[in-house]
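Undergrad: Starting off with a structure, shown below.
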Amino acid sequence: MTAALRPACVVVCLAATGAAAVIGAAPAVRYRLTYAANSARVHVQISAPPVATNASRTLVIPRAVPGRYADEPYDRFISDVEAFDASGKRLAVSRGDGSRWRVGQAARVAYDVDMARMEQEIPDGTDASRVRPNYVGVLGYSVFGFFENEDERPVELDVEAPGGWPVFSTLAPAGGAIRATNYYELADSQTVLGTAVRVAAVEYTRQRDVPLTLAVYPETSVDRTRLERLAGEAMTAVLEYFDGSGAAPFSRYTVFLEFLKPVSERHAYGFGMEHLESFHASMAVADADPARFPDARLRYHMAHHIAHAWIPKRCYGEGYYPFTWDHAPQIDTIWFSEGFAQYAAIVALATSAEQREEMLESRFRRVLREAPAPLRRMGLRELSLLASTQYSADFRIGQLTFSRGGLMAAEMDDRIRADTHGQKSLREALRSLIAWSAQSHRAFRVEELPARFREATGVETRDILDRWLAPLD
Ligand SMILES: [Zn+2]
């Protein structure tokens, strides 16, 4: 099937009255993203209801990405920041501390984002938005800012693209108005424009439960049927793991893949980034070759990032959410976010106990054997705090963090299965924790995990937690 793409919308010009559309009770913040053909930049406009007489606004541009575990100062690609009050009068703009602009009583701000420079200067392909011929790929957090303390307002997004260019948003994969509950959801979304993008609904086992869309921007020939099959298999397996035949915590999902000609030898491709309703990965063109990136590896890559839609996107330790956009937060549970999610993906995909063992060996155990002594001597929470900013800068740090978490998960799973004679497993413990997170709307504390797992399974896991949190040597 082709094309959940919708035509570029005609943008209704917002009169500079400050009047805002209303979703529910709260007035929305309206974003407009404009791209003119052949430009290296995108233009962003943000309009919000007027501020109170004595109040003033501050525009914030992210310097961090949920799940990135590093600072990513996108403000350096922003220029020509302008502000206007509710009557349309231009206001003075001045740079504040960090990634901030003081914009006074602005009802509207506008600025440019240099997409070409962003791609040049960010060596990890998955962290950059980009402009290529007949294509613009926009990561929400890399271009959209917000007014400080107003990030919980609902959001509406209009996109203005060159004539004939389709527009796709992960916030509205079937088309229609693009809306988000708050700034976080907008920042977490992807918008892709252009005639070089291929978007299609994926036919797969659970398509009625979670409509799945595959968006691909390829700079080489790709086997779309294969990509759709792998995406469907990964989603089916992970849905089954976390929710069985029950409802998923999201009503749609997009797998967004780029296959890119590298910008330079310095640039790296192949990492993925998880989102609430999508995951995106910027791969190299060579990765489209199944001989180089075989089915099993790509299916796991997808399942791993799809699993993140549950952990940590909707079930997380302290520091992960609410998110601090000014700098990468210190998080002492990355071993859970990464290790437990990857373990879930492994169990979801493994078709036998032997296959699970093989994946644990190649993914986790090998990393433990090869880990350098200074990292082995760190407690796991301490290592996770280091990984909060150094996860992939020195991937030995990231790998050891998720491997220790993954092996902790495996050991807990084995004990729960043994003690319940196969009646329960870690899956029931995680399902229960995820349900608790949805109800409580808060981060769990590490100390709470064993009690929650015991409630769900009747099995004590505190000694396993404590042992894996301790230094390895
Ligand atoms: Zn991950």
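Undergrad: How big is the dipole moment of the chain about its Cα centre under a simple scheme where the beta carbon of each Lys and Arg is +1, that of each Asp and Glu is -1, and everything else is neutral? Debye, nearest 20, please.
TA: Roughly 440 debye, rounded to the nearest 20.
Undergrad: Could you tally the net charge around residue 415, taking each other residue with its Cβ under 14 Å from the Cβ of residue 415, Lys/Arg +1 and Asp/Glu -1?
TA: Computed value for this residue: -2.
Undergrad: Here is a follow-up. State the Cα centre-to-centre distance between the range 361-430 and the range 157-198 in whole Å.
TA: After rounding, the separation between the Cα centres reads 36 Å.
Undergrad: Divide the volume of the convex hull of the Cα atoms of the range 251-382 by its number of residues and quote the answer in cubic angstrom per residue. Mind showing how you got there, number by number?
TA: Numbers: hull volume 21.9 nm³, N = 132.
Output value, Cα hull per residue: 166 Å³.
Undergrad: If you line up the Cα atoms of the range 197-286 on their principal axes, what length do they span on each, largest first, in Å?
TA: Projected onto the principal axes, the Cα atoms of the range 197-286 cover 45, 22, 17 Å.
Undergrad: Which whole-number percent of Cα pairs in the range 340-450 have a distance greater than 16 Å?
TA: 65
Undergrad: With the calculation restricted to Cα positions, what are the radius of gyration and Dmax of the chain in angstrom?
TA: Spelled out, the Cα radius of gyration and Dmax of the chain are 22.5, 72 Å.
Undergrad: How large, in Å, is the range 45-130 by the Kirkwood hydrodynamic radius built from its alpha-carbon pairs?
TA: 14.1
Undergrad: Give the residue from 373, 329, 387 lying farthest towards the positive end of the charge dipole for the range 282-413; charges sit on Cβ (+1 for Lys and Arg, -1 for Asp and Glu) and the dipole is referred to the Cα centre.
TA: Of the listed residues, the answer is 373.
Undergrad: Provide the per-residue ³J(HN,Hα) series for the range 316-322, in order, calculated from phi with Karplus coefficients 6.51, -1.76, 1.60 and θ = phi - 60°, each as a whole number of Hz, with x at glycine and proline positions.
TA: 8, x, 5, x, 6, 8, x
Undergrad: Please label the shape of the range 102-189 as rounded, prolate or oblate, based on the square roots a ≥ b ≥ c of the eigenvalues of the alpha-carbon gyration tensor (a/c under 1.5 means rounded; beyond that, a/b larger than b/c means prolate, else oblate).
TA: On the way: a/c = 1.65, a/b = 1.21, b/c = 1.36.
Because a/c hits 1.5 or more and a/b fails to exceed b/c, the range 102-189 counts as oblate.
Undergrad: May I ask for the net charge around residue 463, where only other residues with Cβ less than 11 Å from the Cβ of residue 463 are counted and Lys, Arg are +1 while Asp, Glu are -1?
TA: Net charge around residue 463: 0.
Undergrad: Using amide H atoms built in the peptide plane, which far-off residues or other-chain residues are under 5 Å from residue 268 H to H?
TA: Amide H neighbours of residue 268, under 5 Å, 5+ apart: 124, 125.
Undergrad: Another question, if that's okay. Can you tell me, using C-alpha contacts under 8 Å and at least 6 residues apart, the relative contact order of the chain as a whole percent?
TA: Relative contact order comes out at 14 percent.
Undergrad: How much space per residue, in cubic angstrom, does the convex hull of the C-alpha atoms of the range 98-143 take up?
TA: Dividing the Cα hull volume of the range 98-143 by its residue count gives 105 Å³.
Undergrad: Here's a follow-up. Would you calculate, for the chain, the mean residue ellipticity at 222 nm contributed by helices, counting each DSSP H stretch of 4 or more residues as -39,500 (n - 2.57) and dividing by all residues, to the nearest 500?
TA: After summing the helix terms and dividing by residue count, I get -9000 deg cm²/dmol.
Undergrad: Taking the Cα centroid of the range 217-274 and of the range 66-84, what is the distance between the two, rounded to the nearest whole Å?
TA: 26
Undergrad: Mind checking the full-extension length gain between residue 38 and residue 393? Use 0.36 nm per residue of separation minus the Cα-Cα distance, one decimal, nm.
TA: Numbers: separation 355, 0.36 × 355 = 127.80 nm, distance 3.34 nm.
This chain segment gains 124.5 nm when fully extended.
Undergrad: List the GluC sites (Glu not before Pro) in the range 200-300 that DSSP assigns to loop (not H, G, I, E or B) and whose Cβ has at most 14 other Cβ atoms within 10 Å. Which are they?
TA: On the way: sites: 203, 219, 228, 233, 240, 258, 265, 274, 277; in loops: 203, 219, 265, 277.
Passing both the DSSP loop test and the Cβ count: 203, 265.
Undergrad: For a quick check: with amide H placed at 1.01 Å from N, whose amide H comes under 5 Å from residue 159's, ignoring anything fewer than 5 positions away on the same chain?
TA: 9, 33
Undergrad: Same structure, new question: Testing the spin-label approximation: label points 7 Å from Cα along Cα→Cβ at residue 418 and residue 324. State their distance in nm.
TA: In this crude label model, residue 418 to residue 324 measures out at 4.1 nm.
Undergrad: Per residue of the range 120-132, what does 6.51 cos²θ - 1.76 cosθ + 1.60 with θ = phi - 60° give for ³J(HN,Hα)? Whole Hz please, x for Gly and Pro, Karplus curve as stated.
TA: Residue by residue, the range 120-132 yields 4, 8, 9, x, 7, x, 6, 9, 10, 7, 7, 10, 10 Hz.
Undergrad: At a temperature of 37 °C and a viscosity of 0.692 mPa s, determine how fast the range 150-238 diffuses translationally according to Stokes-Einstein, using the Kirkwood radius over alpha-carbon pairs as Rh; express D in µm²/s, rounded to the nearest whole number.
TA: Reported coefficient: 223 µm²/s.
Undergrad: Could you run the Karplus curve 6.51 cos²θ - 1.76 cosθ + 1.60 with θ = phi - 60° over the range 423-430 and give me ³J(HN,Hα) per residue in whole Hz, x for Gly and Pro?
TA: 6, 10, 8, 4, 4, 5, 5, 5
Undergrad: For the range 337-388, what size does the Cα cloud have along each of its three principal axes, sorted from largest down, in whole Å?
TA: So the extents along the principal axes, rounded to whole Å, are 36, 22, 12.
Undergrad: Taking the Cα centre of the range 289-356 as origin and charging only Cβ (+1 Lys, Arg; -1 Asp, Glu), how large is the dipole, in debye to the nearest 20?
TA: Dipole about the Cα centre, nearest 20: 240 debye.
Undergrad: Rounded, prolate or oblate, given the Cα gyration tensor of the range 125-164, with a/c below 1.5 counting as rounded? Intermediate results must be reported in sequence, preceding the final value.
TA: Numbers: a/c = 3.97, a/b = 1.59, b/c = 2.50.
In terms of gyration-tensor shape, oblate.
Here, each number is a calculation from the coordinates, and none is a lab measurement. Since this is a predicted model, take the numbers as computed values, not measurements. When we count neighbours, we look across all protein chains shown, and the Cβ atoms used for this are built from the backbone with ideal geometry, even at glycine.
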